[in-house]
1. Looking at segment 60-73, can you tell me whether even one residue there is at pLDDT 90 or above, touching a Cys at 6+ places or on another chain (Cβ under 8 Å) and either over 14 Å from Gly111 (Cβ atoms) or among the aromatic types (Phe, Trp, Tyr) (or both)?
2. Pairs only if they're at least six apart or on different chains, beta carbon under 6 angstrom, first in segment 26-47 and more than 20 Å from Leu75 (Cβ to Cβ), second part of a loop (DSSP other than H, G, I, E, B) and open to solvent by 50 Å² or more (accessible area, probe 1.4 Å); list them, first residue then second.
3. Restrict the check to segment 80-93 and report whether at least one residue is at pLDDT 95 or above and in a strand (DSSP E or B).
4. Can you find a residue that is touching a His at 6+ places or on another chain (Cβ under 6 Å), modelled with pLDDT under 95 and open to solvent by 30 Å² or more (accessible area, probe 1.4 Å) anywhere in segment 127-149?
5. Could you check how many residues of segment 61-87 are in contact (Cβ under 8 Å) with a residue 12 or more places away in the chain and over 18 Å from the mean Cα position of the chain (by Cα)?
6. Can you tell me which residue is least open to solvent (accessible area, probe 1.4 Å) among those in segment 164-190 that are of a type in the set (D, E, K, R) and more than 20 Å from Ala109 (Cα to Cα)?
7. Quick one: Ser161 ticks every box in (1) open to solvent by less than 30 Å² (accessible area, probe 1.4 Å); (2) under 16 Å from Leu75 (Cα atoms); (3) not in a loop (DSSP other than H, G, I, E, B) bar one, so which box is it?
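The values are calculated or read from the model by the stated rules, or taken from the named source; none is laboratory data. Computed from a predicted model, the values in this text were never measured in an experiment. Reconstructed Cβ throughout: ideal geometry from the backbone, glycine too, with neighbour counts over all protein chains shown. Keep in mind that these areas ignore ligands, DNA and RNA; they rest on the heavy atoms of the full protein, side chains included. Shrake-Rupley method; radii C 1.70, N 1.55, O 1.52, S 1.80 Å.
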Amino acid sequence: EPINLVLFWLCRDVHFQQTKAKRSLQFVIEFDSTNQPEPDDAAESRRLKKRPDFACAMFDEQAPDSRSSQIRYSLECKRLGRAEGGWVLNENYSERGMLRFVQKDHSYAKGCSSAAMIGYVQNLDPDSVLTEVNDFAKQRNLPSLSRAAVAWAAKNVTQLSQNPLTRDFDANPLQLNHFWIDLRHCVFEK
């Protein structure tokens with residue numbers, strides 16, 4: 001999605017400036033790259049062909065062994081709002097978003113204790129979007145989301161919380177962090 005490219009370049013630029021000013025640890029931001037292998041992955045694992053929207057990688061040069069020298073953080077982005085034809089945006093947030101962190105086929109954030117989802121609220125009021133997203137999440141046995149703040153941040157980012165996710169492929173639960181960006185005031189042209 002084009003908005004992911006804009007977000008990628010913005011994050012990359014901010015990170016570069018922060019690193020240059022020695023206010024941030026060095027890490028790499030990868031856009032639309034494949035899942036990276038974990039030590040227990042088979043060479044032909046299907047998850048290695050799957051592509052989270054963003055992955056951040058930080059390297060620990062003082063790690064005791066090469067298997068623990070890389071720390072990764074995965075992010076998946078989805079549009080939120082009214083359905084567009086047969087494309088139900090709020091359903092996709094759980095079906096093609098949250099479930100990718102839970103099911104073995106995608107195994108997003110494998111080997112990690114946390115990851116994130118970014119939701120682009122394009123239309124509809126955020127309370128209606130949240131209700132629909134939670135209805136679809138419930139159908140998939142996923143924990144509901146709730147606002148971390150008292151109110152929605154208009155024209156800004158609102159953080160949402162969710163209980164940790166139980167995964168098909170890992171005994172350790174995943175804390176999936178949610179950030180919804182209010183884009184209802186924006187005009188997008190093709």
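1. Taking segment 60-73 first, the residues at pLDDT 90 or above are none.
No: zero hits.
2. Taking only residues 6 or more apart or on different chains, the pairs are Arg46/Asp105.
3. Looking for residues that are at pLDDT 95 or above and in a strand (DSSP E or B), one finds at least one in segment 80-93, hence yes.
4. Looking for residues that are touching a His at 6+ places or on another chain (Cβ under 6 Å), modelled with pLDDT under 95 and open to solvent by 30 Å² or more (accessible area, probe 1.4 Å), one finds none in segment 127-149, hence no.
5. Going through segment 61-87 one residue at a time, the tally reaches 3.
6. The first filter runs over segment 164-190 and keeps only residues of a type in the set (D, E, K, R), leaving 167-168, 170, 182, 184, 189-190.
Restricting the remaining residues to those that are more than 20 Å from Ala109 (Cα to Cα) gives 182, 184, 189-190.
Working: Asp182: 15, Arg184: 100, Glu189: 164, Lys190: 252 Å².
Among residues in segment 164-190 that are of a type in the set (D, E, K, R) and more than 20 Å from Ala109 (Cα to Cα), the one least open to solvent (accessible area, probe 1.4 Å) is Asp182.
7. Checking Ser161 against (1) open to solvent by less than 30 Å² (accessible area, probe 1.4 Å); (2) under 16 Å from Leu75 (Cα atoms); (3) not in a loop (DSSP other than H, G, I, E, B), the one that fails is (1).
Residue-wise test of (1) among the hydrophobic types (A, V, I, L, M, F, W, C); (2) part of a strand (DSSP E or B); (3) surrounded by 13 or more Cβ atoms within 10 Å (Cβ to Cβ).
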| residue | (1), (2), (3) |
| --- | --- |
| Arg47 | no, no, yes |
| Arg72 | no, yes, yes |
| Gly97 | no, no, yes |
| Ala115 | yes, yes, yes |
| Asn123 | no, no, yes |
